[in-house]
Amino acid sequence: MNEIRPASLTPTPGMSDDEWRLRVELAACYRLVAKYRMTDTVYTHISTRLPVPERHFLINPYGLMWDEITASSLVKVGLDGNKVEPSDYDVNPAGFTIHSAIHMTRSDVVCVLHTHTKAGVALSCLKEGLLPLNQHALQFYGRLAYHDYEGVALDLDERQRLTASLGQNPAMVLRNHGLLTVGRSAAEAFILMLYLERSCEVQLAAQATGAELVIPSPEICAHVAGQYDMSDPAWPELPWKAMLRELDRSDPSYRR
């Protein structure tokens with residue numbers, strides 16, 4: 001019951017089973033980000049690295065809402081963000097700057113997810129950043145990077161500084177800009193983003209009360225962070241598969 005069912009369309013002739021699987025998973029990720037209201041109309045991106053030596057990636061067709069994206073509509077691009085195969089859709093090369101930087105330097109990363117949500121952008125504007133206020137936030141304790149704002153991400157020179165800021169962390173706050181997560185799968189990048197977003201929402205809600213905040217001791221924070229064992233790449237599979245079943249019940253068209 002937990003396994004992803006075969007896609008409703010067969011891959012294009014010549015497309016590997018691995019590529020089709022990654023397309024279905026990435027399309028599902030786009031739909032789930034839309035379902036959980038973390039989109040910014042047609043802007044921001046989620047990208048997936050393909051298992052080929054040419055260093056090709058899948059990214060959203062520019063101009064489609066995220067709840068319209070399907071496995072077959074995803075566009076294959078190179079490190080410059082330009083199309084490497086014919087497609088009915090355009091891409092936004094400028095939007096790939098952040099993604100290409102990470103894919104070029106983090107061989108462990110398959111999926112990069114970037115958002116501009118209300119809570120995420122608001123949190124990114126706070127000098128103190130994400131506080132270890134609650135159990136959701138504590139999974140990011142010692143695992144969250146920060147990158148200072150340099151303007152709209154059009155300058156390729158920023159890529160080196162961005163990856164230096166990220167280091168080996170799975171998540172980053174782009175100051176005055178938004179949130180970013182990376183994963184060994186679309187499932188991992190999505191689940192990390194879902195809980196990073198909730199961490200931001202909870203902090204902003206708590207701060208809005210004006211009451212004194214209760215922050216656990218550094219010892220407790222480190223202990224709880226250690227309880228979140230992320231070493232096994234399969235750790236997000238249980239909630240991910242449950243969400244896919246829910247997605248399939250409501251609208252399985254992402255598999256096309």
For the chain, what are the DSSP H helices with axial Cα length of 15 Å or more and mean Kyte-Doolittle hydropathy of at least 0.5?
186-208
Any idea what the relative contact order of the chain is, in percent, if you count C-alpha pairs under 8 Å spaced at least 6 apart?
22
Taking other Cβ within 10 Å of each residue's Cβ, how do T115, T12, T209 sort, fewest first?
T209, T12, T115
Under 29 Å between C-alpha atoms is the cut-off here; go through the range 1-157 and count lysine pairs that meet it, provided they're at least eight residues apart or on different chains.
4
Extension gain from E219 to M15, taking 0.36 nm per residue of separation minus the Cα-Cα distance:
68.4 nm
Just how large is the dipole of the range 17-237 about the Cα centre, in debye to the nearest 20, putting +1 at every Lys and Arg Cβ and -1 at every Asp and Glu Cβ?
180
From the Cα centre of the range 121-145 to that of the range 150-193, the distance in Å is 14
Amide H to amide H, which residues 5 or more places from V173 or on other chains are under 5 Å from it, using H placed in the peptide plane?
A145, Y146, H147
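Report Rg(Cα)/(2.2 N^0.38 Å) for the chain, keeping two decimals. All intermediate terms of the calculation are to be shown ahead of the outcome.
Numbers: Rg = 18.0 Å, N = 256, 2.2 N^0.38 = 18.1 Å.
That ratio works out to 1.00.
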Modelling each spin label as a point 7 Å along the Cα-to-Cβ direction, I'd like the N134/R256 distance in nm, to one decimal.
3.8
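Readers should treat all values here as calculations from the given coordinates under stated rules, not as data from a laboratory. Predicted model, so just to flag it, every value in this text is computed and none were measured. So basically every Cβ, Gly included, is an ideal-geometry build from the backbone, and we count neighbours across all protein chains shown.
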